[in-house]
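What follows is a single structure, written as structure tokens, with notes after it.
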Amino acid sequence: MNVVLINPYEIGRQPFGLAQPAAWLEREGCTVHCLDLSIQALDPALLASADLVAVYVPMHTATRIAMEAIPKIRTCAPAASLCIFGLYATMNAELFESLGVTTILGGEVEPGLVALVQRLKSGAGDTQTVKTVCLDKIDFLPPDRDKLPPLARYAQLVLPDGGRQTVGFAETTRGCKYLCRHCPVAPVYHGVFRVIPEQIVLDDIRGQVARGAGHISFGDPDFFNGPGHALRIVRALHREFPHLSYDATIKIEHIVKYPDEIRELAATGCLFIVSAVESVDNAVLEYLDKGHTRKDFIAALAFLRTTGIVLAPTFVAFNPWTTLEGYIDLLRHILELRLVDSVAPVQLSIRLLIPQGSLLLDLEELQERIDGFDHATLGYLWRNPDPRVDALQREIQAWVMQAEKNSQSRQAIFRGAWERAHRHTGRPAPDLPQLQAGGPVPRLSENWYCCAEPTNEQLASF
């Protein structure tokens, strides 16, 4: 049986979400091909011979791209069974059913993919829609990355001196034990996370190092869902590859809670930690159920600086509770905490996404600001009580996109956002003659974002 696995987009990562299913399906005797639409085009000849096409939707942008790709896939592979799988699959089941998808899988998707292949082999077909979220423990296999484009074509590590390194991408867990209200993981996994065995993770990374990776980016929703598991892996990596560096995503509350473990990350090669700070407004943090306060964020940043690990904070700068003064306060914190160079410009413009199933919908405080679900953007429409805030978001997003196209520095882009924000209040912006930006920091060449509406530029990539 010929199977084509397709990844629309995953912020520059070589997707574990294709490599793991590929291994399972090959064990079933399938001939598996992988396409990554972030760097490859749809191949009509490959699709024409497919018995099954399965599209991976790990994030909102991938889902929006999949909406555009599926009609073209159906044209190229009219006889193939069509499956959608990943975090955003079951959340958007109605959409995918309307596009002719007959199998929709969430959570631990590999058993469902194998069951689909077995049904097709038996001649049972897929005349009825199957929707499944599996949260059972599964036996992970060594992922098959051989069918994916080489690592050099994915995001790279950009060093402070301008140098670049090839990056490998690994996962040590799936799901998350936390229930942040805006997070897309929570409606699917409901506080469950699954550990990928240490030896499989290590073997996966060894293979990527052999393919040229000098840095590993851990893609877990939270690297410290299981701190002991994470530490065993980085200790083993450091013993075997002492010059290998890495980054991870960790909650602010974990940075505060596990200082000794964080110091060990620094000692084993961690260059930076991505953390979803989201806001410096404690009321907003409470609405999002983030588990930290503004004070915790500032304390975590100060602590990380003692270790040498860079904090790469992410924000949902525009949400239903954002005010003009609140946005300026966020910029002021970024400035005063010397984070200008550490904050990717896209983070200054992100507007909160409220997808199907979002736990935010349980908030009474949000109901009066929601205008219904928009099937075009796959999110609930919401408005800020102050129309100037929504106008500012549109202006900041357009400014950031254009400035990045023109290769402007993060400092210049921040200055532009600072001036525009103050202009919307009707008063001049305080002068910023010398930005205390903190200096260049290690980062990936693709911006990290998650709980946000995609920009026009991200959609245009397809």
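Sorting Phe85, Phe224 by the number of Cβ atoms found within 10 Å of their own Cβ, with the fewest placed first, yields Phe224, Phe85.
Per-residue Karplus couplings for the range 198-205, computed as 6.51 cos²θ - 1.76 cosθ + 1.60 with θ equal to phi - 60°, are listed in order as 3, 5, 5, 4, 5, 5, 4, 5 Hz, Gly and Pro entered as x. For Asp36, the residues whose modelled amide H falls within less than 5 Å of its own, excluding neighbours fewer than 5 places apart on the same chain, are Asn7.
Pairs with C-alpha atoms separated by more than 18 Å, drawn from the list Lys121/Lys147; Lys72/Lys405; Lys257/Lys290; Lys177/Lys290; Lys257/Lys295, are Lys121/Lys147; Lys72/Lys405.
Could you state the orientation-averaged shadow area of the convex hull built on the Cα atoms of the range 2-134, in nm² to one decimal?
Working: hull surface 27.4 nm².
Value for the range 2-134: 6.9 nm².
Taking amide hydrogens as placed 1.01 Å from N in the peptide plane, the amide H of Phe224 sits under 5 Å from those of Lys251, each at least 5 positions away in sequence or on another chain.
Between the amide H of Asp289 and those of Arg181, distances stay under 5 Å, these residues lying 5 or more places away or on another chain, with hydrogens modeled in the peptide plane. Beyond 36 Å, what percent of the Cα pairs of the chain remain? Result: 27 percent of Cα pairs exceed 36 Å. Between the range 149-200 and the range 325-400, the C-alpha centres lie 24 angstrom from each other.
Rounded to the nearest 0.05, the FRET efficiency derived from the C-beta distance between Leu46 and Ser445 at R0 = 22 Å is 0.20.
Remind me, relative contact order of the chain in percent, using alpha carbon pairs under 8 angstrom and six or more residues apart? Can you show the working numbers first?
Numbers: 864 pairs, mean separation 64.2, N = 462.
Contact order relative to length: 14 percent.
Per-residue Karplus couplings for the range 96-102, computed as 6.51 cos²θ - 1.76 cosθ + 1.60 with θ equal to phi - 60°, are listed in order as 5, 4, 5, 8, x, 7, 9 Hz, Gly and Pro entered as x.
When the alpha carbon gyration tensor of the range 250-334 is reduced to an equivalent ellipsoid, its three semi-axes come out at 25, 12, 10 angstrom, largest first.
Packing around the peptides 154-167, 45-58, taken as the average count of other Cβ atoms within 10 Å per residue, puts them in this order, highest first: 45-58, 154-167. Kindly write out, for the range 356-370 in residue order, the coupling ³J(HN,Hα) from the Karplus curve 6.51 cos²θ - 1.76 cosθ + 1.60 (θ = phi - 60°), rounded to whole Hz, with x marking Gly and Pro. Here the 3J(HN,Hα) series is 4, x, 4, 5, 4, 5, 7, 7, 4, 5, 9, 4, 6, 9, 9 Hz.
Every number here is computed from the coordinates shown, using simple stated rules; none is lab data. Here the structure is a predicted model, which is why all the values come from computation and not from measurement. Here Cβ is always computed from backbone atoms with ideal geometry, including for glycine, and neighbour counts include all displayed protein chains.
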